[in-house]
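Since the structure comes first, as structure tokens, the remarks are kept for the end.
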Amino acid sequence: MISCKESTRLMSEDHERALTLRERLALRIHTMMCLGCTNYGKQMVFLRKAARRYREGKHGDR
Amino acid sequence: MKRQDPAPTTFLWDDPSIIAIRRDMLRFAQMQLRDAAIAEDMVQEALIAAMTNTSGFAGRAAFKTWMFAILRNKIVDHIRRSAREIPGSDFVDASDPDAADFDTLFDQRGFWNPDERPATWSDPDAALSQKQFWAVFDICLNNLPERVARVYMMRELLELDTAEICRQLGISNNNCWVILHRARTGLRECLENRWFKGEALA
């Protein structure tokens, strides 16, 4: 089983390159059993969304 | 702000909405460039480009998004021009003091230390429409080690791909991924501590 450090690294790299099948399976199994990493994954999706708002200037609509 | 076809269009520079957009553009450029004078130049260039290319302007609702797209292009151009002057070896120090910080998140086997385990954020999307959240977001970006923040912003805010960032900074792909992983993890942690904790933690 991969560690949380490894799992978060894969979740980050998922935005940069295509993960291998083996990596995707390892990640899926890990997150099924790890609430911390499940939360991390959701937060990465949120960060992406926030970054998109930011770069479009929508964060300035304060 | 008025739109007239064909160009030249007349933006009214004292229109409050333009003043606000200009202010936000300047703040964005300063975050990316960390140089007030160059940031000012980039915003001026973007405004001039906007005035001379109004055909790209799809409508008032999209105006700010369009202005920001032009500004991002100007900043990217600047980075591409000036990257060659920055020796890559200065960028990544072999002895990395930040790595130790990152490692405290995990135990020896690489599992979350209990205090550092990501919590459940309830309704994070609601934060996106709150002014204070974005102030915290800026603080958290600034809290990242400078080069980590720089790579993250090039990737996520300027939308350069990893390969180009690596080339510009003279670092390996793998190094780039490590830095991005650290940036995302640091940002996540900071937002949790400074915003979501107490606010909305389950």
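The values are calculated or read from the model by the stated rules, or taken from the named source; none is laboratory data. If you're wondering where the values come from, they're calculated on a predicted model, not measured in any experiment. Note that each Cβ is placed from the backbone with ideal geometry, even for glycine, and that neighbours are counted across all protein chains shown.
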> When residue A:42 is evaluated against the numbered criteria (1) within 7 Å of chain B (Cβ to nearest Cβ); (2) in contact with a strand residue (DSSP E or B) (Cβ under 8 Å, 6 or more places away or on another chain); (3) surrounded by fewer than 20 Cβ atoms within 10 Å (Cβ to Cβ), which criterion, by number, is the only one it fails?
Replying inline: (1)
> Taking region A:14-51 only, how many residues are assigned to a helix (DSSP H, G or I), within 20 Å of residue B:176 (Cα to Cα) and more than 12 Å from the chain's Cα centre (by Cα)?
Replying inline: 2
>> Going residue by residue through region B:95-117, is there one that turns out to be in contact with a Phe, Trp or Tyr (Cβ under 7 Å, 6 or more places away or on another chain), closer than 16 Å to residue A:44 by Cα and modelled with pLDDT of 95 or more?
In response: no
> So, of the residues in region B:137-173 that are of a type in the set (Ser, Thr, Tyr) and assigned to a helix (DSSP H, G or I), which turns out to be surrounded by the fewest Cβ atoms within 10 Å (Cβ to Cβ)?
Replying inline: B:162
> Which residues, taken from region B:116-142, are more than 7 Å from chain A (Cβ to nearest Cβ) and among the aliphatic types (A, V, I, L, M)?
Replying inline: B:126, B:127, B:135, B:136, B:139, B:141
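Among A:55, A:17, which is facing chain B (nearest Cβ under 9 Å), buried (at least 18 other Cβ atoms within 10 Å of the Cβ) and modelled with pLDDT under 95? Quick ask: steps written out before the conclusion?
Working: A:17 fails: buried (at least 18 other Cβ atoms within 10 Å of the Cβ).
When all the criteria are applied, what remains is A:55.
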